[in-house]
Ligand code: ADE
């Protein structure tokens with residue numbers, strides 16, 4: 001999969017995504033990351049390479065101009081005509097695992113990062129397929145948001161994580177949160193690993209984790225729990241577990 005990121009700060013993206021799992025995925029050719037510096041597409045005669053200007057109609061701060069953004073976009077679009085273009089900004093629909101999976105099915109995604117007060121709306125209206133936000137708060141620019149998208153989408157791509165269960169069993173994949181997890185030692189301070197997890201009985205462990213996952217969701221994300229359809233049998237087990245606390 002190819003990710004193109006149009007930004008004024010390509011180093012932020014390259015640095016963040018150059019390490020660990022996503023760095024290796026790039027080395028192994030599972031994902032390709034092209035960062036494009038929007039400033040390279042300013043008017044060559046402009047010795048200041050100006051990317052922004054004041055706003056019409058007043059308003060404080062500077063806005064990124066249409067032309068450099070458009071030319072940067074065209075440099076990608078001409079090579080990858082099917083690329084799916086995303087603008088990251090606080091007005092977009094909020095990213096969730098469903099959207100992450102959907103983006104992971106694309107061959108090429110181009111992410112446009114705004115900075116300062118944002119980007120002239122006209123160029124966004126012309127080139128953007130979808131606006132995505134990473135949450136209901138405002139960042140200083142889209143760079144962090146694009147890293148969040150690329151990280152979460154890349155790990156859905158086959159081969160990026162060591163095995164598929166690494167992502168099919170985890171939080172948000174089926175509308176629930178993952179059960180608590182433990183490693184050695186079996187006792188830390190006065191806290192013991194639940195006995196059942198040491199039993200080696202995979203069917204019982206799976207059933208136990210299933211109920212733990214429901215409990216975790218109920219306590220930490222009641223909004224997600226409300227949306228679940230739970231069988232009577234699972235309800236009984238969940239209630240039995242809660243009575244045992
Ligand atoms: N840029 C500024 N705020 C943002 C947000 N919440 N999500 C994505 N991009 C942004």
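None of the figures in this text is laboratory data; all of them are computed from the coordinates on show. What you see is a predicted model; the values in this text were computed from it and never measured. Because the Cβ atoms are built from the backbone with ideal geometry, glycine has one as well, and the counts that use them run over all protein chains shown.
Give the order of 66, 113 when sorted by the count of other beta carbons within 10 angstrom, beginning with the fewest.
The fewest-first ordering by Cβ neighbours comes to 66, 113.
When the chain is treated as a GNM, springs tying every alpha-carbon pair under 10 Å, which of 110, 35, 231 comes out with the largest mean-square fluctuation?
231
Pop the C-beta distance of residue 48 and residue 137 into the FRET formula with R0 = 51 Å and round what comes out to the nearest 0.05.
So, using R0 = 51 Å, E works out to roughly 0.95.
What share of the DSSP beta bridges in the chain is antiparallel, in percent to the nearest 5?
20 percent
At a Förster radius of 45 Å, what calculated FRET efficiency corresponds to the Cβ-Cβ distance of residue 236 and residue 14, to the nearest 0.05?
Calculated value: 0.30.
Say we join alpha carbon atoms closer than 10 Å with springs in a Gaussian network model of the chain; which of 172, 115, 189 then has the biggest fluctuation?
Result: 189 has the largest fluctuation of those listed.
How much length would be gained if the chain were fully extended between residue 164 and residue 98, taking 0.36 nm per residue of separation minus their Cα-Cα distance, in nm to one decimal?
Additional length available on full extension: 22.1 nm.
Nearest 10 degrees, 0 to 90: what angle lies between the long axis of helix 232-243 and the longest principal axis of the chain (Cα atoms)?
Orientation of helix 232-243: about 80 degrees from the principal axis.
Among 34, 15, 201, determine the one that fluctuates most according to a GNM of the chain built with springs between C-alpha atoms less than 10 Å apart.
Most flexible of the set in this elastic network: 201.
Nearest 10 degrees, 0 to 90: what angle lies between the long axis of helix 66-77 and the longest principal axis of the chain (Cα atoms)?
Roughly 60 degrees, rounded to the nearest 10.
What ranking of 109, 86, 100 emerges when the number of other C-beta atoms within 10 Å of each C-beta is taken as an exposure proxy, fewest first?
100, 109, 86
Calculate the FRET efficiency for residue 189 and residue 220 from the Cβ-Cβ distance with a Förster distance of 22 Å, rounded to the nearest 0.05.
That pair, residue 189 with residue 220, gives E of 0.45.
With axes computed from alpha carbons, what is the tilt in degrees of helix 143-154 against the longest principal axis of the chain, rounded to the nearest 10 within 0 to 90?
It is inclined by approximately 50 degrees.
So what's the projected area for the chain, the Cα convex hull averaged over all directions, in nm²?
With the hull built on Cα positions only, its mean projection is 18.1 nm².
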